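The values are calculated or read from the model by the stated rules, or taken from the named source; none is laboratory data. Small disclaimer: the values here were computed from a predicted structure and weren't measured. Ligands, DNA and RNA are excluded from the accessible area calculation, which covers all protein heavy atoms including side chains. Shrake-Rupley method; radii C 1.70, N 1.55, O 1.52, S 1.80 Å.
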Amino acid sequence: MIKIINPLEVKDWNNIVLQQSHYSFFHTKEWAEVLYYTYRYLPKYFCYINNGKIYSIIPFMQINSFLTGKRIVSLPFSDFCEPLYSSILQADEIVSEIFSYAKNQKLEYVEFRSSETKFPLQSENYRSDLRHILFLDKSENETFKSFSENTRRNIKKTAKSNVVVVIKNDIDGLNFFYEMFCVTRQKHGLPPQPIKFFKNIFEYIIKKGRGDIVLAKHNNQFIAGAVYFKFGEKILYKFGASYPVFNDLKGNNAVMWFAIQKYINEKYKEFDFGRTEINHEGLRRFKLSWNTEERFIYTSKYDIKTSQYHSVKIKTEGFYNRIFNRTPVWALKLISKILYKHIG
């Protein structure tokens, strides 16, 4: 039997997710809470249930936008969201139910984001992105030696430059990080996620012990930082930021190495560097330099009217980059409040 479930209403949802081999933080109740309470997207998690037990899960959020249309996405603002299914037959049955729901609700399309496998198998049109995973199965010393020579050199440089790294899982830490994040997004020609999104990350993830805000500082000035999510045996590097004027101090390297050491000691097994667009060769090289395993992320969407699959266009590149790059941070923050709920 296929049933649509709202994970916010299931007390032991995370334990159900952990029983699936390809679980990620994006499948958690906490991530669903952030998306719902920030943007009021409607959770529509399609589950295959037999004898009261959930065997397969394909999470979606329904976006009802007068600007960008009505659709379900698995999942908005998520690097990837692997469908959790026990068999191909169950997967096919759930996908059929998803399309029936989309037609009945008069949605425009259904978007899938998978990593371990191309999904759905019927699609031949995918946008390919990358993710990089460091396996935390070695000692700190062995892990350090596995990095590229350049990465090892940059880490040593941060120590010589007296760059100090701290965990600051409080509202001040969030605010320090967010200001850096806004500057970083401006540099890339993009508006930041709205502050409400990050406040909900703090409320539903950081305060619950499922995430860390890690900041690097030099001479009492914060220069770089990152936000990590924790679930099961896996760590996810979700957001990074830095002030460009301090780039020579290699604060991002200091933050990353500090986090890797911390999570090795806490017995986590996987450290996921998150999604990288395939044309961002510099970021790809940076992540590969940490001795990571490279995997693909496949994104496709199914158009309800034409009954066809299409690849998904990159949303982070376009003419608007030059405009946002020159837009003051305060204006970008205002734009983000209006824009992001329609992007999904």
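Quick notes
- Nearest-ten-degree value, helix 149-160 long axis tilted from longest Cα axis of the chain: 60
- Comparing segment 281-344 with the 2.2 N^0.38 Å rule of thumb, its C-alpha radius of gyration ratio is 1.59 (two decimals).
- Residues whose placed amide H lies under 5 Å from that of PHE222, excluding near-sequence neighbours: none
- Area projected by the alpha carbon convex hull of segment 1-134, averaged over all directions, nm²: 8.7
- With Cα atoms as the point set, the radius of gyration and Dmax of segment 74-155 evaluate to 19.2, 58 Å.
- Dimensionless Rg over Rh [segment 178-242; C-alpha; Kirkwood]: 0.99
- Only helical runs count toward this figure. For the chain, summing -39,500 (n - 2.57) over DSSP H runs of n ≥ 4 and dividing by all residues gives -10500 deg cm²/dmol at 222 nm.
- Shape metrics for the chain, restricted to C-alpha atoms - Rg then Dmax, Å: 20.2, 62
- The C-alpha atoms of the chain define a longest principal axis, and helix 171-187 lies at about 80 degrees to it.
- Per the Cα gyration tensor, segment 216-330 maps to an equivalent ellipsoid with semi-axes of 30, 23, 13 Å, ordered largest to smallest.
- Which of GLU9, GLU111, GLU179 is most accessible, then next, and so on - probe 1.4 Å: GLU9, GLU179, GLU111
- For segment 142-229, accessible area per residue (1.4 Å probe, heavy atoms of protein chains only), Å²: 44
- Within a Gaussian network of the chain (alpha carbon springs, distance under 10 Å), most fluctuating of ILE54, ILE72, ILE205: ILE54
- Residue-wise HN-Hα coupling along segment 309-315, computed from phi with Karplus coefficients 6.51, -1.76, 1.60 (Hz; x: Gly, Pro): 8, 9, 6, 9, 6, 5, 8
- Computed over segment 107-150, the ratio Rg/Rh where both radii use C-alpha atoms and Rh is Kirkwood: 1.24
- Candidates ARG275, ARG295, ARG326: whichever shows maximal mean-square fluctuation once the chain is modelled as a Gaussian network with Cα springs under 10 Å: ARG326
- Apolar share of the accessible surface for the chain: 49 percent from carbon plus sulfur atoms, 1.4 Å probe.
- When the residues ILE338, ILE314 are ordered by accessible surface, computed with a 1.4 Å probe over the protein chains alone, the sequence from largest down reads ILE338, ILE314.
- In the chain, the longest principal axis of the Cα atoms and the axis of helix 88-104 are about 80 degrees apart.
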